[in-house]
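Please treat every number below as a calculation from the coordinates, not as lab data. Given the structure is predicted, the values throughout are model-derived calculations rather than measurements. Neighbour counts run over all protein chains shown; Cβ positions are idealised from the backbone, glycine included.
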Amino acid sequence: GAGVSQTPSNKVTEKGKYVELRCDPISGHTALYWYRQSLGQGPEFLIYFQGTGAADDSGLPNDRFFAVRPEGSVSTLKIQRTERGDSAVYLCASSSTGGGKGELFFGEGSRLTVL
Amino acid sequence: GNSVTQMEGPVTLSEEAFLTINCTYTATGYPSLFWYVQYPGEGLQLLLKATKADDKGSNKGFEATYRKETTSFHLEKGSVQVSDSAVYFCALPTTSGTYKYIFGTGTRLKVLA
């Protein structure tokens with residue numbers, strides 16, 4: 001596809017369960033970002049990949065959150081032992097450049113609800 | 001570290017009214033500045049950007065000027081339309097380390113016909 005694709009668009013799970021959220025960036029984009037957006041708030045940075053490596057994971061709230069991008073394209077955000085406070089929309093964005101000048105292209109997000 | 005502050009919403013205007021959404025920033029150096037927009041049911045998308053001081057970004061009738069003297073990047077439009085109803089986010093990258101992007105809390109705009 002032409003844009004950033006995120007799956008699932010909606011995920012409802014129970015407290016304590018494991019969740020995976022997938023992001024398929026625009027082909028050729030080397031930079032990939034995960035953000036979390038709570039209702040009425042702006043996107044909150046989680047992690048940034050340049051290629052296969054996590055260049056900055058300082059936004060991951062705790063060790064229940066982990067993300068991978070093994071081949072430098074698709075990325076998966078993994079949340080273990082989910083808590084109700086993890087409920088939010090998880091956004092993925094990609095960019096053709098790093099360095100803080102490039103446009104971010106966002107997916108439509110994965111809405112996670114933890115019951 | 002770098003940060004951005006936006007005026008709180010919601011902002012409600014009549015069609016053809018003048019729009020200003022304030023954004024001020026704190027930054028080391030002179031990073032690029034961005035406005036993103038989120039229309040109902042859609043993902044965030046870039047509205048406009050400016051890469052250096054005194055630059056003016058423009059798109060779809062919206063404008064914003066990078067003002068280093070006042071550390072501001074206010075968004076303006078001379079005549080809003082119902083289709084401009086959306087949430088607007090001011091953003092900038094960090095200027096040390098890895099250039100992750102920092103977003104404001106967003107300003108919801110509602111335009112009435």
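Place a +1 charge on the Cβ of each Lys and Arg in chain A and a -1 charge on the Cβ of each Asp and Glu, then give the dipole magnitude about the Cα centre in debye, rounded to the nearest 20.
In debye, rounded to 20, chain A gives about 280.
What share of Cα pairs, in percent, lie more than 17 angstrom apart in the stretch B:31-113?
Within the stretch B:31-113, distances greater than 17 Å cover 48 percent of Cα pairs.
How about the stretch A:12-94: which GluC sites (Glu not before Pro) there are in a DSSP loop, with at most 11 other Cβ atoms within 10 Å of their Cβ?
Qualifying residues, ordered by number: A:Glu14, A:Glu71.
Which of B:Cys90, B:Leu75, B:Ala50 sits farthest toward the positive end of the charge dipole of the stretch B:11-95, with +1 on the Cβ of Lys and Arg and -1 on the Cβ of Asp and Glu?
It is B:Ala50, whose Cα lies furthest towards the positive end.
Name the GluC sites (Glu not before Pro) in the stretch B:56-113 that are in a loop by DSSP and that have at most 14 other C-beta atoms within 10 Å, would you?
Answer in residue order: B:Glu69.
Evaluate the charge dipole of the protein assembly as shown about its Cα centre and quote only its size in Debye, nearest 20, assuming +1 on the Cβ of each Lys and Arg and -1 on the Cβ of each Asp and Glu.
The dipole magnitude comes to about 360 debye.
Using the charge dipole of chain A (Lys, Arg: +1 at Cβ; Asp, Glu: -1 at Cβ; taken about the Cα centre), state which of A:Thr30, A:Gly16, A:Gly100 has its Cα farthest towards the positive end.
A:Gly16
Please sort B:40-53, A:102-115 by packing, taking for each peptide the average over its residues of neighbouring beta carbons within 10 angstrom, highest first.
Ranked from most to least packed, the peptides come out as A:102-115, B:40-53.
Under a cut-off of 18 Å between alpha-carbon atoms, report the lysines in cross-link reach of A:Lys101, not counting same-chain residues fewer than 8 places apart.
Output for A:Lys101: B:Lys49, B:Lys52, B:Lys56, B:Lys68, B:Lys100.
Once the convex hull of the alpha carbons of the protein assembly as shown is built, what does its volume come to per residue, in cubic angstrom?
Here the figure is 119 Å³ per residue.
I'd like the per residue volume of the convex hull spanned by the Cα atoms of chain A, given in cubic angstrom.
95 Å³
How high is the relative contact order of chain A? Use alpha-carbon pairs under 8 Å, at least six apart in sequence, and give a whole percent.
Relative contact order for chain A comes out at 36 percent.
Dipole magnitude of the stretch B:45-113 about its Cα centre, charges +1 at Lys/Arg Cβ and -1 at Asp/Glu Cβ only, in debye to the nearest 20?
Taking the Cα centre of the stretch B:45-113 as origin, the dipole is about 160 debye.
Just counting partner chain Cβ atoms within 10 Å, what average do the residues of peptide B:102-113 show around their Cβ?
2
How big is D for the stretch A:3-48, in µm² s⁻¹ as a whole number, if Stokes-Einstein is applied with the Kirkwood radius of its Cα pairs at 20 °C and 1.002 mPa s?
169 µm²/s
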